[in-house]
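The values are calculated or read from the model by the stated rules, or taken from the named source; none is laboratory data. All values derive from a computational prediction rather than experimental measurement. All Cβ positions, glycine included, derive from the backbone under ideal geometry; neighbour counts span all protein chains shown.
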Amino acid sequence: MIVLGIETSCDETSAAVVKNGRHVLSNVISSQVDLHQKYGGVVPEIASRKHVELVMPVIRQSLDEAGISLSEIDVVGVTYGPGLVGALLVGLSAAKGLAFAKNKPLVGVHHIEGHIAANYLDHPELEPPFICLVASGGHSHIVYVESYSRFEILGQTRDDAAGEAFDKIARAIGLGYPGGPLIDKWAAGGDCCAMDFPRVRFSDGSLDFSFSGLKTAVLNYLNNQEQKGEKVRTEDICASFQKAVVDVLVENTLKAAKIKKVRNITLAGGVAANSLLRSQLKEKAAAAGYGVFYPRPVLCTDNAAMIACAAYFEYLNGNVSGLELNAIPGLRLGEK
């Protein structure tokens, strides 16, 4: 089965062709990072207009690289939420037009489900059930993946997502955008114990996250040092902040694995490319007897291969969308 996937939920225009849910034939990603860097974050109107310009050329390129004609596509999969509503509508309109023109089944895909599915592309042996930590600029979720199309959220952010916190702190330090890769790079030369930034743990035993207090603590530290006229060592701030985020992500994920009695833990989302998160989770999970899986970095960021993969399993489960499918920017995982 050949699936064409389309992803335009934020600032990447992507199209991919995936065979039988596991084999990537093409995965074209056009990033808008350079456009949004000067604003310190994604500007929705600019993102939407760029998607309009790029979506059809990117789809054509993905078909050409896969050596597949549009007529040979069996299913069209597309992200319909969550995300920026204008951006989502561009990819959704393109997908519906192609599905209608070629009389192909249309499958709407939840963006987080796509991130989870990215693990299947790099690890063909991986099968549910397992725990997945989905950490990105917009999401911080601990998900129990019961089957290929059944998910239970065990924990999520109550304020800032992990990736959002990385971006805000990077901007405050003056590193630029996107913040995640930059902080990871600077942290490599820093002392993660230089500052004792807070880790939020809820007294009710919740597996939820909260990074707003950590963000405030870092900003207060920077302001205090500036008022005193004392220099700050960027490497130490990055390392200490990053360690505070990763400690809580790993701790709660391991708790979830213990609760659900799974054998494997996976990572997904842009923050899943963070070197400390990968190494710390792998080390602590191995010590507790869990297997750990994560995609290569290109599949951690927003991409259409993961959407095509998720669409394949949704189609096998009988979930096909009508042409009335609309964008749902606040779509929760598990909703249809």
Does the stretch 145-158 include one or more residues that are at pLDDT 95 or above, in contact with a Phe, Trp or Tyr (Cβ under 9 Å, 6 or more places away or on another chain), not assigned by TED's automatic domain parsing to the domain that holds Val250 and not acidic (Asp, Glu)? no
Considering only the stretch 159-167, I want to know if a residue exists there that is assigned to a helix (DSSP H, G or I) and over 27 Å from Tyr290 (Cβ atoms). yes
Here are Asp184, Asp196, Asp204, Asp191: which of them is part of a helix (DSSP H, G or I), in the same structural domain as Ser136 (by TED's automatic domain parsing) and not polar (S, T, N, Q)? Asp184
Which one is farthest from Cys309 (Cα to Cα) among residues in the stretch 96-120 that are without any contact (Cβ under 8 Å) to a residue 60 or more places away in the chain and part of a helix (DSSP H, G or I)? Ala101
The condition of being over 21 Å from the mean Cα position of the chain (by Cα), assigned by TED's automatic domain parsing to the domain that holds Arg22, surrounded by 20 or more Cβ atoms within 10 Å (Cβ to Cβ) and at pLDDT 95 or above holds, among Ala87, Ala66, only for Ala66
Could you list all residues from the stretch 119-144 that are at pLDDT 95 or above and of a type in the set (Ser, Thr, Tyr)? Tyr120, Tyr144
Lone unmet requirement of (1) touching a Gly at 6+ places or on another chain (Cβ under 8 Å); (2) outside any strand (DSSP E or B) for Glu152: (2)
Tell me, please, whether a residue that is of a type outside the set (D, E, K, R), assigned to a helix (DSSP H, G or I) and at pLDDT below 95 can be found in the stretch 255-270. yes
Which residue pairs have Cβ atoms closer than 6 Å, lie 6 or more positions apart in sequence or on different chains, and pair a first residue in the stretch 161-180 that is of a type in the set (A, V, I, L, M, F, W, C) with a second residue that is buried (at least 24 other Cβ atoms within 10 Å of the Cβ) and in a loop (DSSP other than H, G, I, E, B)? Ala165/Phe211
